Structure formats: C-alpha cells, structure tokens
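The values are calculated or read from the model by the stated rules, or taken from the named source; none is laboratory data. Remember, predicted model here, so these are calculated numbers, not experimental data. No Cβ is skipped: glycine too gets one built from the backbone with ideal geometry, and neighbour counts run over all protein chains shown.
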Amino acid sequence: MAFDGITIAAVVKELKDSISGGRIYKIAQPEKDELLLTIKTKTGGQKRLLISAGASLPLIYLTEENKKSPMTAPSFCMLLRKHLQNGKITGITQPGLERIVHLHIEHLNEMGDLCHKQLIVEIMGKHSNIIFTDDEDMIIDSIKHISGMVSSVREVLPGRNYFIPMTQEKEDPLTADFPSFQKALTAGNMPIYKALYGAYTGISPIIAQEICYRSHIDGDISTACFSEMTSGSELLLGLYENFSHMMEQVKAESFRPVIVYDNGSPAEYAALPLTLYGDNIRHTDSISSLLEQYYAEKSTLTRIRQKSSDLRRIVQTALERNIKKYDLQLRQMQDTEKKDKYRVYGELLNTYGYEAQEGAKSLDALNYYTNEMITIPLNPLLSPSENAKKYFDKYGKLKRTYEALSTLTAQVKEEIDHLESIQASLDIALSEDDLIQIKEELIESGYIRRKGGGKKIKCHSRPFHYINKDGFHIYVGKNNFQNDELTFKFASGNDWWFHTKGIPGSHVVVKSEGNPLPDGTFEDAARLAAYYSKARGQDKVEIDYTEKKNVKKPNAGKPGFVVYYTNYSMMIDSDISQLKLIEE
C-alpha cells in the first residue's frame, strides 16, 4: 500500500484529461492541511479536486464529495483566492516519477497583466506539503512552513527558492537502460525487490514484488544470485525486460487501477495490474475513484477501531480477570482429585482396621475395588476407626469443594466464552450502530453502568446480507443480540444454521425457502461462519451446521449462546472474496 510515483502518474493523467484548461471556481481549506478546489471544466461541468498534505494520509484525487469549510478561511486559503480565483489551469505535470504534482495556472493580476503561478503538491508522507510559487520558482507561501531548524535539507518559507530535495540517490526508472539497471541491481547484497525500489524513484515495494513475480523470480532472494548463479545474467535480463515493459506502460499512460482484497477487506492498491494476487483484485474506472474508495474503507475501519477502544479495554480487563479466576479454580479442582482415594482408605479401615497393630504408622490392605494391595498411612496416636473418620472427613470436604467448583468453573467458563464472543463482535463492527448494540450488551451484562439511568438506545444495525452464485440469501449476525434475533426470530425451522465449532463467532443463517441447498451454498455459508469468527484467516476451520429447528436456547443462557445435539460438520477455509455483500 503506497501512494507511489506510478500512482501519481495515473492521477496526473486523469487530471490532464478532466481539468486541464478549466478555471478554478472555488478554493476551500476544510482542514489545516487540506485544500478542496472546485474547477469549471472546458466542457462546462464541474470537478472537485481534493489535495491533502496530512502527515498520516497525504492524497490528491478528484471527488464528488463536498466538504464543509470553516467560517473564517485560513490565511493560505485567502492568499490562493486572491491570486488564483478564476485562474486557468494550463498544465499538470510530474517531474520524472517523483511523488510531486505541478498545477500550472495563469491568471490576471490587479493591473490586468497575465501572470503564471504554480501550485505544487508533494506527496511525501510526513514531509508532504502544498507549495505556491511564482513563475521563477520563488515560494509565495505554503500550507506548511518548514524552517531551517526543522529541516537542514530545504527551507519552505515565503521568499525562498523552490527546489526538489535530493535526499536519496535514486535513478529515474523512465530513463533506465540495461547497463545502469545491471549496476543498480548488483551494487549490494539485499533482497531483489528491495534493490528495485531502493534504486529507482517512484517504485513502491508492492510494484517491485510485482516485477519480480512477472519475471518468475522470488523477490526475497538476494541480488548476489545474479553473479553467483550460472543463469544469473539470464534472470537479470528477464527482470529488466519486465521492468522496462512496466515503465513503457507508464510512459504510454496505460493505467489499469486495481484494489486487492483480502477476505473482503481492502489490502493493497496499484495503478497497474497486480498479477501476483491472482483473482483477489477488483478493477476500478479511475484512479480517483480507487483512492476515494480504498481510503474511505480504510478510514472507516480505523475510525471504528478507535471508537471501540474503550469497549475493547473493558472486555479485555474482564476477560483477563475471569481467565485468572478460571485457572485458579482448575488448580483447586485438581486438588480434589484425591477425594476418592480418601473414601477408599476410610472404607478399607472400617473393614480391615482390626488387623492394624497399636501405634502402627500404616496398614497394608486388599483394595477390593481393584483387587490390589495398597498401603494406608495411619496416625499412630489414633485408633483405626478414628483414622477412618479422619479420611471420611477429608473426603467429605473435598467432595463439597468439588461440587461447588464444578458449578463455579462452569459459570466462569461461560463468562469467558461470552466475553470472547463480544471481542469477536468488536472485530467485525463497521459502524457506530454496531458499537451501540455491543455496548448495550455490556450494560445488560453488568460490565458498564448505564449513565443517569437512561433508556436503551435505539440503533439501526442489521446483520450482514450476502447472496451467493446459487441465488440463496445468507445472513450473518454482527453481535450476540443479532445472533439471537437472526436464529430465533428471523430464521424458519427448515433454514440452515452454521457456526464455528468451539470458537467464538457469528451465527450464519441460509434462507432455504423450502428448497434443498446445493453443496456450493453449504460451503459458502460455512466460509462466512469461519470468516466472521476468531478463526478468520485460517486455512482449515471446523464448522457445525444443522437445520434451525435443531438449535435451542438454554434457560438463562447468555446472548448468542445456543445448544444443539443433531448436526453435521465440515472443514473449510475463510475466504469469502467470491461472495457478494448486499448494502442495506
């Protein structure tokens, strides 16, 4: 995942096609490091260009979304309005494959003279910036001021000359030939893919891995193989050919943006096809729509994880406390395993105690339960009957402890399972409504106090809804409340119910509508059960499945907990990339 030089090239190509020649109609600064330009295009339409120099997420792309601006515009925004309002975008360029975009703009000054300015966008992680310069590359202002105290490489301040900082000795991949490529790839001893993105500007690790994959080379092997192996020169030549072919695609502006999905979640993206991921990719119409979609999904997951941090901490604390309690109880249970031995000692002393010598410290007797001789320790100060009573007392105490612990350990284990199921629900939550339901469950379970005696908050969270290739509707509960409702209110008796065996996870229901399910549908539902569980990502997950009529709710059972005694099982993976999620 990288906003690399090739992605910038695709963005520049799209901007040239859509807004070059257009006029800047509105300039807004919704965030301190962000600009939103509204541009009237040559064709009469409007486009919005979002530019962010945020340290955590620098971006530039076209968007349909409008953002609310502050009541008072920041000084940088006011300066741009003064100079660039109604300015014409005469060109959009990228130096080499640098992560830099130049917007060339002409406008009329107060005297009516034609002037030329540049808005330079640098997408460089925490060093990202938006810099406004004149036609002689003099900095007029920037959205971030960088003084000499902050950077010894380059000052970004009004009145300074603008230049691209050469902080790394990297080559331009668009002008590379085989001798320079050979020199760059054999200069050190490191993994081949690292040598690729370390030697050339604008190439990200994922693109470097893609070049290696197309060349049938393991990108993790050392560049030393090019000199050590007899076929090393052939490997290097094949790598160069695939490298050159990709650079030719960039020069020809032949981009095909793709998003890579890992079990339904966006994992990587690129402006060119990524063949190393097989079929787990999704093509998009434009690089802007790719970036907007990718980062919107990533942003949602990040935001929900941040909002759920308090709930996670509450659940984790309670879980750790119960696990410690459970471990202690199990050790106490082990101590009670001696109880039957003490009972047998007491019974044998009542039977054979007359054989014990006065003051004896032990008695050898036949254990009529096992037909073996055993030695019974004795207190020499007590009579055989008193020793027997002592053993029966020990037996009775351990028996009572065992019975009490049996109940307590079952309760604590149930509590642990419940908390782990809530953890699983937090892992798949996608919205604030999902979190509201989980919080409500924690309130009802006594882990959180309801503030001010307030009422239960209503929310609109619904189970996940999928349709598979066979046309069957499959539903997945997002939390324990939804699991109960899905299984006992929504599902009919002949619908099919799925759940991971012995692992916290969601209830999955397939609506059969009275029709038999194809084998593929059983497998799709099982994969969903595996994916929406603590077993997500595993290659083999055991899934129990049965008709809904066989699933029962135990008396006083916690939310989401059920029992069933008639079921089938299968082993399945947790890859749901081929299933279609229905947005509701």
Total residues in the range 31-88, condition under 30 Å from the mean Cα position of the chain (by Cα) and of a type in the set (A, V, I, L, M): 11
I'd like to verify a number: residues in the range 57-85 that are under 19 Å from Ile100 (Cβ atoms) and part of a loop (DSSP other than H, G, I, E, B), how many? 2
Among strands (runs of 3 or more DSSP E) lying entirely in the range 435-524, which contain 2 or more residues that are without any contact (Cβ under 8 Å) to a residue 40 or more places away in the chain and either in contact with a helix residue (DSSP H, G or I) (Cβ under 6 Å, 6 or more places away or on another chain) or among the hydroxyl-bearing types (Ser, Thr, Tyr) (or both)? 508-511
Every residue in the range 478-520 that is of a type in the set (Ser, Thr, Tyr) and surrounded by fewer than 17 Cβ atoms within 10 Å (Cβ to Cβ), please. Ser492
Out of the residues in the range 15-56 that are part of a loop (DSSP other than H, G, I, E, B) and of a type in the set (Val, Ile, Thr), which is farthest from Glu297 (Cα to Cα)? Thr43
Let me confirm something: among Gly87, Gly45, Gly96, Gly91, which residue is in contact (Cβ under 8 Å) with a residue 60 or more places away in the chain and either farther than 28 Å from Lys170 by Cα or among the charged types (D, E, K, R) (or both)? Gly87
Criterion violated by Lys126 - all others in (1) surrounded by fewer than 16 Cβ atoms within 10 Å (Cβ to Cβ); (2) more than 20 Å from Pro30 (Cα to Cα); (3) touching a residue at least 12 places away in the same chain (Cβ under 8 Å) satisfied: (2)
Out of all the residues in the range 170-202, which are touching a residue at least 60 places away in the same chain (Cβ under 8 Å), within 16 Å of Gly96 (Cα to Cα) and crowded, with 21+ Cβ neighbours inside 10 Å? Pro173, Tyr200, Gly202
Yes/no for Pro266 being surrounded by 14 or more Cβ atoms within 10 Å (Cβ to Cβ), modelled with pLDDT under 90 and on the phi < 0 side of the Ramachandran plot: yes
Residues of the range 539-580 satisfying the condition of being touching a residue at least 24 places away in the same chain (Cβ under 8 Å) and surrounded by fewer than 14 Cβ atoms within 10 Å (Cβ to Cβ): Asp539, Lys540, Tyr568, Ser569, Met571, Gln578, Lys580
Give, as residue ranges, the strands (runs of 3 or more DSSP E) completely inside the range 100-195 that count at least 1 residues that are of a type in the set (Phe, Trp, Tyr). 129-134
Could you tell me which residue of the range 71-92 is nearest to Gly202 (Cα to Cα), considering only residues that are out of contact with any Lys or Arg (no Cβ under 9 Å at 6 or more places or on another chain) and β-branched (Val, Ile, Thr)? Thr90
Which of the residues that make up the range 518-539 are under 17 Å from Gln578 (Cβ atoms) and not charged (D, E, K, R)? Pro518, Gly520, Thr521, Phe522, Ala525, Ala526, Leu528, Ala529, Ala530, Tyr531, Tyr532, Gly537
Exactly one of Glu65, Glu98, Glu122 is among the charged types (D, E, K, R), touching a helix residue (DSSP H, G or I) at 6+ places or on another chain (Cβ under 7 Å) and closer than 24 Å to Tyr294 by Cα, and that one is Glu98
Mind listing just one residue for me: the one in the range 304-333 that is loosely packed, with under 12 Cβ neighbours inside 10 Å and of a type in the set (Lys, Arg) and, of those, nearest to Thr401 (Cα to Cα)? Arg331
Just name the residue that is farthest from Ser569 (Cα to Cα) out of those in the range 502-551 that are of a type in the set (S, T, N, Q) and out of contact with any strand residue (DSSP E or B) (no Cβ under 7 Å at 6 or more places or on another chain). Asn515
Scanning the range 351-373 residue by residue, those surrounded by fewer than 16 Cβ atoms within 10 Å (Cβ to Cβ) and touching a residue at least 24 places away in the same chain (Cβ under 8 Å) turn out to be Tyr354, Tyr369
All conditions in (1) touching a helix residue (DSSP H, G or I) at 6+ places or on another chain (Cβ under 6 Å); (2) at pLDDT 85 or above are true of Phe226 except (2)
Does the range 415-461 hold any residues that are exposed (fewer than 15 other Cβ atoms within 10 Å of the Cβ), in contact with an Asp or Glu (Cβ under 8 Å, 6 or more places away or on another chain) and either modelled with pLDDT of 90 or more or not β-branched (Val, Ile, Thr) (or both), and which are they? Lys456, His460
